[in-house]
Amino acid sequence: MKDKGVLRRLTNELAEKFSSTWRLLSETTVFLSRTKLFPRYENMLRQWRHRLESSKSNPEVLQEVRDGVITLRKELRRAGYDLTLGSKDIKIEGYRNDAAVREGFTRMVMVITDTALYYIAGQENHVQLMDYLDNQLRRMRVINIRQRHYLWYRWRANVLVLSGSDTEMKDDFEELKQYVETNKLFMLKQLKKL
């Protein structure tokens, strides 16, 4: 397990060396814009962007900005942030019925508590999936369930598309939309293995 973490870190560092400075700055900005940390780094990001724009042909400036961005990314990783999520997004797309299977969607049910998100996906109908998830949550003694959702999901490139199923109530779906807007990174982190 420890070896995987070291390998992942080395792979990330190697990838950063070969990524363009602009791309690193852009990905870092997108990532931070989805966190509460953004106001703390907004001016720094803006200054780096300005330096790159005004010194396009100066390799020293390019290297200084690059070093700064890489240092920031390392600090964020040490603090527990998953920067790979900066290139991913979640999109809510209305309701779908069983025909969604032909479009590449899969059934999923999700339960949101105060501190966690639990889900299960599969071929069974949404009610059966929720029964199974509820049984698992009872065994785990999970409490403080705030939301339950009956959804369809599909990845389109780096965008996780979520749609309500026929079982999903309209008010619950509206609540999910609001939750997604304020918790995108948390949700992406929890759902990235879908």
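The values are calculated or read from the model by the stated rules, or taken from the named source; none is laboratory data. Note that the coordinates shown come from a computational prediction; the quantities given were computed from them, not determined experimentally. Don't worry about glycine lacking a Cβ; one is built from the backbone with ideal geometry, like all the others, and counts go over all protein chains shown. Accessible surface areas use protein heavy atoms only, side chains included; no ligands, DNA or RNA. Shrake-Rupley method; radii C 1.70, N 1.55, O 1.52, S 1.80 Å.
Per-structure values
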| read-out | value |
| --- | --- |
| The stretch 92-194 - percent of accessible surface contributed by carbon and sulfur, probe 1.4 Å | 45 percent |
| Computed P(r) (all Cα pairs; the stretch 89-191; 10 Å bins; percent) | 15, 52, 31, 3 |
| With Cα atoms, 0 to 90° folded angle of helix 2-18 axis to the chain main axis | 50 degrees |
| Two-site label geometry, residue 37 and residue 53: point separation in nm, points 7 Å out along Cα→Cβ | 2.4 nm |
| Charge-dipole axis of the chain as Lys and Arg at +1 and Asp and Glu at -1 on Cβ define it, positive-most pick from 147, 135, 37 | 37 |
| Degrees, to the nearest 10: 126-140 long Cα axis against longest axis of the chain | 80 degrees |
| Sparsely packed trypsin sites (Lys or Arg not before Pro) within the stretch 115-194, loop by DSSP, other Cβ within 10 Å at most 16 | 141, 192, 193 |
| Alpha-carbon spread of the chain, three principal axes, descending order, Å | 60, 36, 31 |
| Charge dipole (debye, nearest 20) of the stretch 89-191; +1 at Cβ of Lys and Arg, -1 at Cβ of Asp and Glu | 360 debye |
| Heavy-atom surface of the chain, accessible at 1.4 Å and reported per residue (Å²) | 62 Å² |
| Leading residue at positive end of dipole, the chain (Cβ point charges), from 54, 111, 169 | 54 |
| DSSP bridge pairs, the chain: antiparallel proportion in percent, nearest 5 | 80 percent |
